[in-house]
Amino acid sequence: MIFPRTRKYIMFWIFGGLILALLRLGVNGSQTLYDVQWLPCPFVDEKVNINEEGHTETKYINREAVLQFGHVGDKPLHPTITFLVTASKVDMRRYLEGSEDTLNCEIRRYSTGGIVMRWPTAGAQDHDAWFTCTIRHTQGLFVITTFLRHTTAAPAQGEVDFLQWKTVNDRDLLTTSAAMLVLTRTPSVEVGFLKEPNLHCQFAVDHKLPNATVEWRLQKHGERSKLFSYSSRTGKSEGSGVAVKAIAAGNVSYKLPHTKKHSEGTYICSVMVPPLYGSHDIPLTLSEQPRVSINVGSTLSMTLGKDQKLICDAEGYYPLDVNIEWYREVSGGSPTPSVLKNVLYSSHRLHQDGIYSLSAFFYLQPSLEDSGYKYTCRVSHKSLLIPIRKSFYLIVTEPDSTMWYITVIGFIIAMLVILCYLLPQYLAGRKAAKKRF
């Protein structure tokens, strides 16, 4: 027996547990990672040398490391290289989705390319060292790159930063602050023709009124073309596709006009807040599923000795590669259907809107043994999760003998009419003609 007060306590804890579970899930149902304490995050270290010819040579070294979130003075949670990310206005965890096992994290050194300037926040120094932390969702939901600022004890000696990287030992704790991040929730896009996709790009900076320059470029066939640019210093923009009013809030997403064949390529969103430059490459590909049809219904009846041209059309697909094959199997299915070898193909037909069509056909002159077989056209294309199939059942019959009998009887009747009626009239006419003479 459960007393009323006990029942109230049970209901309270159940309700509280549900509320906590909902809080851990985002509005759209995906799990948030705002309270995560650390993530495994390999550190790709660099060893840079100048060779005898004066060229720069870089050796990359993969090292074990973790990304830890906390406060200045916290101790490392693991006996390895630890990048301690302390509180700032930029918190990459706010933008993460999914669970920890769906994240791939990587930390690299970042060179300012010889630009020496103090980041405009308290505690920053001219000789700060920079790192990038890139987190990718394994299922392609997002890619986020965060710039981590680390103040070193010793100032630079005037050389380019990558020639005097700060040495990081195996168990070092590097206290950092997230200064800027660049995020995309469309790491790759696949759409059809005449669509208006929105390429997501977002950034955040740890201080107000940053001197930011935003650009969108399209790269294809080895060439880059500028689509849009904006400078917060001048307030001027060039091009279209980005809502200028939304840039102040960090939204620099780009909306494409109606997609056409020339829309394919790699779209590059870049944000520069000196001395930092962050960008994401977003490949866009076009894809259209084929429309498949055959020139007969679900059942084809044929007479023995006749033939029929069977056509399978795949229309409106993109890109070009498509595979069409005809095969047959016994009614009810067969584990090993036989692929037809006498199939001919048309050439790929390119339409004005950039999509393609192709036909596969063969001539069928069946025997009585072919009756009951199922013939199928199977079309495969990269836009399809499974191939499209169109089938018909073949029924073969012998020629109808009734018409033969009717023809023979009709011939006999015609001959009798000639012999019994027309021929006597003809002979009588000839006799009458002889008597006149």
Worksheet item: Any chance segment 122-144 includes a residue that's among the hydrophobic types (A, V, I, L, M, F, W, C), part of a loop (DSSP other than H, G, I, E, B) and open to solvent by 20 Å² or more (accessible area, probe 1.4 Å)?
Response: yes
Item to complete: Kindly list the number of the only condition in (1) open to solvent by less than 20 Å² (accessible area, probe 1.4 Å); (2) at pLDDT below 95; (3) of a type in the set (A, V, I, L, M) that fails for V160.
Response: (1)
Discussion item. Please count how many residues of segment 320-366 are under 30 Å from P399 (Cβ atoms) and assigned to a loop (DSSP other than H, G, I, E, B).
Written reply: 11
Worksheet item: How about segment 58-76: which of its residues are open to solvent by less than 100 Å² (accessible area, probe 1.4 Å) and either in contact with a Leu (Cβ under 8 Å, 6 or more places away or on another chain) or not β-branched (V, I, T) (or both)?
Response: R63, A65, V66, L67, Q68, F69, G70, G73, D74, P76
Worksheet item: Mind checking which residues of segment 249-272 are aliphatic (A, V, I, L, M) and either in contact with a Ser or Thr (Cβ under 8 Å, 6 or more places away or on another chain) or under 23 Å from F193 (Cβ atoms) (or both)?
Response: L256, I268, V271, M272
Fill in: Filtered residues of segment 312-347 (kept if over 34 Å from the mean Cα position of the chain (by Cα) and among the basic types (K, R))
K341
Discussion item. Here is a check on your reading of the model: is D307 under 17 Å from S383 (Cα atoms) and in the same structural domain as A360 (by the TED database)?
Written reply: no
Practice prompt. Considering only segment 228-252, state which residues are in contact with a Gly (Cβ under 7 Å, 6 or more places away or on another chain) and not polar (S, T, N, Q).
Written response: F228
Practice prompt. Test each condition in (1) within 18 Å of the chain's Cα centre (by Cα); (2) touching a residue at least 40 places away in the same chain (Cβ under 8 Å) for S263 and report the one that comes out false.
Written response: (2)
Practice prompt. Restrict the check to segment 204-225 and report whether at least one residue is within 24 Å of L84 (Cα to Cα), in contact with a His (Cβ under 7 Å, 6 or more places away or on another chain) and in contact (Cβ under 8 Å) with a residue 40 or more places away in the chain.
Written response: no
Worksheet item: From the residues in segment 292-311 that are of a type in the set (A, V, I, L, M) and closer than 12 Å to T397 by Cβ, which one is modelled with the lowest pLDDT?
Response: L304
Worksheet entry | Residue that is farthest from K374 (Cα to Cα) [pool: residues in segment 320-339 that are surrounded by 12 or more Cβ atoms within 10 Å (Cβ to Cβ) and touching a residue at least 40 places away in the same chain (Cβ under 8 Å)] | V322
Worksheet, complete the sentence: Selection over segment 187-206 where residues are aliphatic (A, V, I, L, M), within 13 Å of V273 (Cβ to Cβ) and either exposed (fewer than 13 other Cβ atoms within 10 Å of the Cβ) or in contact with a Leu (Cβ under 7 Å, 6 or more places away or on another chain) (or both) yields a count of 1
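The values are calculated or read from the model by the stated rules, or taken from the named source; none is laboratory data. Note that the structure is predicted; figures quoted are calculated from it, not measured. Cβ: placed from backbone, ideal geometry, glycine included. Neighbour counts: every protein chain shown. Side chains are part of the model used for accessible areas, which takes the heavy atoms of the whole protein and leaves out ligands, DNA and RNA. Shrake-Rupley method; radii C 1.70, N 1.55, O 1.52, S 1.80 Å.
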